[in-house]
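The structure appears below as structure tokens.
The values are calculated or read from the model by the stated rules, or taken from the named source; none is laboratory data. Being a predicted model, the structure only gives us computed values, none of them experimental. Virtual Cβ from ideal backbone geometry, glycine too; neighbours counted across all protein chains shown. We work out accessible area using only protein heavy atoms, side chains counted, and drop any ligands, DNA or RNA first. Shrake-Rupley method; radii C 1.70, N 1.55, O 1.52, S 1.80 Å.
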Amino acid sequence: MMRSISFKLIIAFLSIGVVSVAVIFITARWNTRQEFINFLSDQNQTSVITQLTEYYLVNGSWVQVETIFVQQQPSYDHRPPQPFTLADANGIVVFSDGKYRSGDRLSKDDIEIGTPIKENGNVIGIYVPLRMPFEGKPRELEFIERTNLTLLYGALIGAVLALFLGILISRTLTRPIRELTRATHAISEGDLSQRVQVRTNDELGELAQAFNKMSTELSRSVNTRKQMTADIAHELRTPLSLILGHAEAVHDGVLPPTLENFEIIREEAARLEHLVNDLRTLSLADAGELTIHPQIIESERLIHEVESLYQYETQRKNISLGVEVSPHLSTIEVDPGRMTQVLTNILDNAIRHTPEGGRIIISTNQADDKVEIAVQDSGPGVPPETLDRIFERFYRTDSSRQRDGEVPGGSGLGLAIAKSIVQAHGGQLSAESEPGKGLRIVISLPVSR
């Protein structure tokens, strides 16, 4: 049978409480008894020394000093004197209840532990108590027993309080864990809207924040996957429908088998192949298996080669394509083919959104150990709230979804592929835009070592 962490915490707190209370009880019981015995001993010693001093003052010597104790009889309220040895100022024993006889000399150890009896600053004797087992009177023993009983009651109350505090603290500590457990089960059943309340700033609070972040990212990932699946189906359905429609029409004799109709089928098949290749490139990048053959090249040469590829298309659309290269640029270590693919994807997007008579600028700049290649168009730009999403797969702004006229919309994979390739080179791809002032996409690549 699995026991909950709450039960384990209660047992742990209770065990600690019981052990602590037991140790305190035993220590306090022993210490109280010893302190009480010491108190009685000190009180007895003070009384005996006072009597001995008075005797010496009256008689002027210790002769027959034992008579003052022989005459005393113990009673219920007065305990007999503690056995002791009395010596004169020279350490010669004059009275003893124990190991010495009158006339013996005190040992050096007994002199050190003895208490000097003084009168007007002069030592007149040495009092040496003898260690004997404690034999308390009934009232003294009763006091000790009452004290022990009080300590026992306190220990029991402490154990009960430890139990209640253990229950309270364990429930408080495990509440976030229980909430996380319930939320985790709910997510496993498909409810991705689960969030937990962050109650503290400790490790449990950090765990709750991490869970909420994970839940948010998981929900976003699932929604993105669903949207991507729908977009892939849409992108595949369009060329397939055209291919099947024209093929069936030619087969049934509805359309003549002319070169124009076959060209439509070929173009849609090529478009379909291009989309499949884009998806394959993204899947390889996600798996970290994108093939890259880096070479040390000059960024200026790469830019001019790409510029030459777009001279005809930009002239046909009456778009000005310019290049601004900073002097003394460091070389970069990249795969020329992959980096050309990045720039063509970015330029395709720029041409698609730049109106007739517009301008596209490819510029380079060096910032510390990075070489930046920027593509600036003069299109309508991207709203700030959607700027971070242009590198998402199949994301297209409203204007780019239009497929009629001379500006067909892209599949929404070009910038996503560009970002994956740049990151595979250890670089970064970012975007800057202001509505009405076009879009500027910056490629940041490390210089070659």
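Points to keep in mind about this one:
- Failed condition for residue 41, given (1) modelled with pLDDT under 80; (2) more than 17 Å from residue 127 (Cα to Cα): (2)
- Residue in region 297-311 that is farther than 29 Å from residue 394 by Cβ, open to solvent by 50 Å² or more (accessible area, probe 1.4 Å), in contact with an Asp or Glu (Cβ under 8 Å, 6 or more places away or on another chain) and assigned to a loop (DSSP other than H, G, I, E, B) present: no
- Restricting 375, 407 to residues that are at pLDDT 90 or above and closer than 30 Å to residue 301 by Cα narrows the list to 375.
- Here 185, 234 are screened, and the one residue that is open to solvent by 60 Å² or more (accessible area, probe 1.4 Å) and either of a type in the set (A, V, I, L, M) or under 30 Å from residue 273 (Cβ atoms) (or both) is 234.
- If you filter region 272-296 down to residues that are among the acidic types (Asp, Glu) and in contact (Cβ under 8 Å) with a residue 60 or more places away in the chain, you find that the one that is most open to solvent (accessible area, probe 1.4 Å) is 286.
- Of all residues in region 170-201, those satisfying the criterion of being under 21 Å from residue 8 (Cα atoms) and either of a type in the set (Asp, Glu) or in contact with a Leu (Cβ under 8 Å, 6 or more places away or on another chain) (or both) are 170, 173, 174, 176, 177, 179, 180.
- Filtered residues of region 297-316 (kept if touching a residue at least 40 places away in the same chain (Cβ under 8 Å) and β-branched (Val, Ile, Thr)): 303, 306, 314
- Output for region 241-262, where each listed residue is assigned to a helix (DSSP H, G or I) and open to solvent by 60 Å² or more (accessible area, probe 1.4 Å): 241, 242, 244, 248, 251, 252, 259, 260, 262
- Filter result for residue 147 (surrounded by 15 or more Cβ atoms within 10 Å (Cβ to Cβ), in contact (Cβ under 8 Å) with a residue 40 or more places away in the chain and in contact with a strand residue (DSSP E or B) (Cβ under 9 Å, 6 or more places away or on another chain)): no
- Tally of residues being surrounded by fewer than 12 Cβ atoms within 10 Å (Cβ to Cβ), within 30 Å of residue 115 (Cα to Cα) and hydrophobic (A, V, I, L, M, F, W, C) across region 1-57: 3
- Across region 356-370, not a single residue is classified as open to solvent by 60 Å² or more (accessible area, probe 1.4 Å), among the small types (Gly, Ala, Ser) and either without any contact (Cβ under 8 Å) to a residue 40 or more places away in the chain or over 19 Å from residue 414 (Cβ atoms) (or both).
- Those residues of region 79-110 which are polar (S, T, N, Q), at pLDDT 85 or above and under 13 Å from residue 48 (Cα atoms), in sequence order: 85
- Restricting region 324-352 to residues that are outside any loop (DSSP other than H, G, I, E, B) and of a type in the set (Asp, Glu) leaves a set whose member that is surrounded by the fewest Cβ atoms within 10 Å (Cβ to Cβ) is 324.
- Members of region 191-231 found to be under 24 Å from residue 279 (Cβ atoms), open to solvent by 40 Å² or more (accessible area, probe 1.4 Å) and of a type outside the set (Asp, Glu), listed by number: 218, 220, 221, 223, 224, 225, 226, 227, 228, 229, 230
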